[in-house]
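To start, the structure itself, in structure tokens.
The values are calculated or read from the model by the stated rules, or taken from the named source; none is laboratory data. Bear in mind that the values here come from a model prediction, so they are computed numbers and not experimental data. Cβ atoms come from the backbone with ideal geometry, glycine included; neighbour counts cover every protein chain shown. Side chains are part of the model used for accessible areas, which takes the heavy atoms of the whole protein and leaves out ligands, DNA and RNA. Shrake-Rupley method; radii C 1.70, N 1.55, O 1.52, S 1.80 Å.
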Amino acid sequence: SEGLEDVLEVSFKPSEYIRFPSPISISPNESSTLEVTANDHPVNQVFLEIESCSVNGTTSCPLDVNSSFARIRIIRSHPLDVIVDVVGWAYFLAWSISFWPQIILNFQRKSVIGLNFDFVLLNTIGFASYTVYNCLIFFDKEVQSEYISSFPRSPIPVLLNDVVFAVHAFIACVITGVQVGGRGGGTDSIPFPQAIFLERENQRVSRVCIGWSSLLVLCGVVTSILALTDVIKLLTFVDSLSYIKMAVTLSKYFPQAIMNFRRKSTIGWSIGNILLDFTGGSLDLLQVALQGINVANFSAIIGNPVKFGLGLVSIIFDIVFMIQHYILYRDQIQFQGYGEIEDEGGPATPPIQGVDQDIDSE
């Protein structure tokens, strides 16, 4: 450590995984070696805690014994660890790119007919929550202090690439939202800002989605007010944002899948988005599996079933959309790059107003 010019003698608390002489003498510009061994129970990390220390045999200790520790990560294979990192960047890129095929498709067709507006609204709310969640944990010192106080041995769970991904995803969602913004047809339509760019027919956000979205936004607003008035910790508000993102992920795919089923077509819904999302989700699960193999510990799955479950839900819906696109409704589609248009002379796309479409009866 900086300022230590003499010999520092450190005694460590007993550990079943670490073998070392006690105490260890540490001199400037020198290093000491610790041997880490595992017993019958697999372990992926251990903590080295200081019990006491002294300088040149005195009782003076320059370290905070109560809060000083070292986190030691244990892996089986360094090459496999590199592969884990490569897979992580691969799914990061796949997920980041996955937002753009839909945007490109909308511009190519000069239309957003076939893209469900419920999905767009929920996706925007989800990534808005996710962006604020990541930014607060990564940048806000108060949130970090509360997190360290609650989880003293856990590193901050958000990295810079998480912030970049969340901000980029939210911007892409806003662009898609501008594309679909407009006023639905019919006397009972719920008004939205007038369309700026693209044809949208009489599609609109469903009443069910408006109610659900309002509830999600209300939860975020209420918890933010409670945090600003010191009724709850700021970290509690941040956690609530992750729950909002979780609720969005569990619900956002249903409207699009139902809409495709009713139209018997996926025209207007980009398969490029789905393929990239499926690739990213699969690589994410692959990384979790490789990490478990490399540390002989699958607690990342068992210990965090929510994250694993949400990733699995996304993959399942991606498979549903691929079945709809390539098997069930393939006769309705001809491919032109990202563009998907109706066959000439084919049936017109029936108007879709939302999941709760009203059907008038005579």
* Asked: Quick check, is residue 85 of a type outside the set (A, V, I, L, M, F, W, C), farther than 26 Å from residue 170 by Cβ and within 28 Å of the chain's Cα centre (by Cα)?
  -> no
* Asked: Restricting attention to region 232-281, which residues are of a type in the set (Lys, Arg) and crowded, with 19+ Cβ neighbours inside 10 Å?
  -> 245, 252, 263
* Pairs only if they're at least six apart or on different chains, beta carbon under 6 angstrom, first in region 87-110 and farther than 24 Å from residue 163 by Cα and touching a residue at least 24 places away in the same chain (Cβ under 8 Å), second assigned to a helix (DSSP H, G or I) and among the polar types (S, T, N, Q); list them, first residue then second. => 106/179
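Could you tell me which of the residues 79, 155 is outside any helix (DSSP H, G or I), open to solvent by 50 Å² or more (accessible area, probe 1.4 Å), modelled with pLDDT under 95 and not basic (Lys, Arg)?
155
The rows are residues; the columns are (1) touching a Pro at 6+ places or on another chain (Cβ under 7 Å); (2) modelled with pLDDT of 95 or more; (3) in a helix (DSSP H, G or I).
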position	(1), (2), (3)
197	no, no, no
208	no, yes, yes
212	no, yes, yes
216	no, yes, yes
223	no, yes, yes
243	no, no, yes
283	no, no, yes
289	no, no, yes
